[in-house]
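This report concerns only the one structure given below.
The values are calculated or read from the model by the stated rules, or taken from the named source; none is laboratory data. From a predicted model like this one, the values you see are computed outputs, not experimental measurements. Ideal geometry is used to build each Cβ from the backbone, glycine not excepted, and the neighbour counts take in all protein chains shown.
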Amino acid sequence: MLDFSHIPSQQQSTFILYTTGDWQTFVKPRNAKFIEIFCLGAGAGGGHCTVGATTVNGAGGGGSGGIVRGIIPAFLLPDTLYIQVGKGGAGGKSGAGAQGGFGGISYISLDGTISEQTLICKSSTATPTGGAASITAGAAATVSVPALSAFGNLGLFTAVAGVIGSTGGTSTPTVGSSQTALATNITTGGAGGGGKSGVTFADGGRIAAASVILTSAVNEGSGNGVKGSDGYGTLQPFCGTGGAGGSAANVTGIGGKGGNGYYGCGGGGGGAGSIVGGFGGDGGDGLVIITVIS
């Protein structure tokens, strides 16, 4: 058989790695010239609203994960890389006022550990935090510093911070705060849940549509204890939205659940309730995409 390995072809192969809860391996294909990396961290969960017969604030949405992307000459890398894809934070559900879970960081390593001395990159320096009761929004993932990951210095990298979640509505009552798709990033945080005052209840927040790609809004929970819609997105081009906030409920009702986030995006906050506060939506899992140029 003839060996054509010396002839540049500029062919591309793309590998998408999803969350498994453990380390995964990527074996560098023969004849690879460059390795491109898109490393997305997971989003955090929305908050679980507290309960009360009179005035209750809505819960906040979770923050979104960070992003690192870059390119490395393949000959500088070993044959096997180890990837751990961050798990999305669970929405707050364990008790009234529970905070949403943190979003996991995604790592690309030489040996399956998260030591900076063995990392090629990680999606953020700190995890995004979950939304919480009393309108508190989850924090965004902080921007990664590729230069601190020793082997990240083999390539060219760009790091982007996540997006903060939106605050819940107050007990005035007011609607949960909203976000707009593609406003500042290719991900969003989760929207906030609606607040209530006695028999008067407010809607959750929404993710407003963008003018391109993400042209459908993620609708808020609207009415008496209605769930917020789940986020959505696309892989080509990659972009997505967080979940919408749940609406509050009247004096005999259960607050609406927050919607779940798309990959890397935050979950929506739960709406206020009298019997049970609305659960938070789950944050979206992370994602690692590796493109081999040969």
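Tell me which residues, restricted to segment 58-94, are part of a loop (DSSP other than H, G, I, E, B), more than 30 Å from residue 221 (Cβ to Cβ) and touching a strand residue (DSSP E or B) at 6+ places or on another chain (Cβ under 7 Å).
Hits for segment 58-94 are 77, 79.
Would you point out which residue out of 80, 25, 55 is in contact (Cβ under 8 Å) with a residue 60 or more places away in the chain, surrounded by fewer than 22 Cβ atoms within 10 Å (Cβ to Cβ) and not aromatic (Phe, Trp, Tyr)?
55
What do you reckon, is residue 75 aromatic (Phe, Trp, Tyr) and within 27 Å of residue 167 (Cα to Cα)?
no
For segment 122-171, what are the residues that are on the phi > 0 side of the Ramachandran plot and not in a loop (DSSP other than H, G, I, E, B)?
None - no residue of segment 122-171 is on the phi > 0 side of the Ramachandran plot and not in a loop (DSSP other than H, G, I, E, B), so the list stays empty.
Hey, does segment 208-218 have a residue that's modelled with pLDDT of 95 or more, surrounded by 24 or more Cβ atoms within 10 Å (Cβ to Cβ) and not aliphatic (A, V, I, L, M)?
There is no residue in segment 208-218 that is modelled with pLDDT of 95 or more, surrounded by 24 or more Cβ atoms within 10 Å (Cβ to Cβ) and not aliphatic (A, V, I, L, M).
Looking at residue 244, is it in a loop (DSSP other than H, G, I, E, B), under 18 Å from residue 134 (Cα atoms) and within 17 Å of the chain's Cα centre (by Cα)?
yes
Applying the selection to segment 186-210, what residues are more than 21 Å from residue 162 (Cα to Cα), small (Gly, Ala, Ser) and in a loop (DSSP other than H, G, I, E, B)?
Residues satisfying the conditions are 194, 195, 198, 202, 204.
Among the listed residues 215, 241, 188, which satisfies the condition of being of a type in the set (Val, Ile, Thr), without any contact (Cβ under 8 Å) to a residue 12 or more places away in the chain and under 26 Å from residue 14 (Cβ atoms)?
Of 215, 241, 188, the one residue that is of a type in the set (Val, Ile, Thr), without any contact (Cβ under 8 Å) to a residue 12 or more places away in the chain and under 26 Å from residue 14 (Cβ atoms) is 215.
Just for segment 16-30: of the residues that are not hydroxyl-bearing (Ser, Thr, Tyr) and not in a strand (DSSP E or B), which one is modelled with the highest pLDDT?
Within segment 16-30, the match that is modelled with the highest pLDDT is 23.
Of all residues being outside any loop (DSSP other than H, G, I, E, B) and buried (at least 24 other Cβ atoms within 10 Å of the Cβ) in segment 31-52, which is farthest from the chain's Cα centre (by Cα)? Just the residue, please.
35
Can you name the residue in segment 91-106 that is within 11 Å of the chain's Cα centre (by Cα) and in contact (Cβ under 8 Å) with a residue 60 or more places away in the chain and is also nearest to residue 268 (Cα to Cα) among such residues?
The selected residue is 103.
Given the conditions (1) modelled with pLDDT of 95 or more; (2) at negative phi; (3) touching a strand residue (DSSP E or B) at 6+ places or on another chain (Cβ under 6 Å), report the number of the one that residue 254 does not fulfil.
Answer for residue 254: the failing condition is (1).
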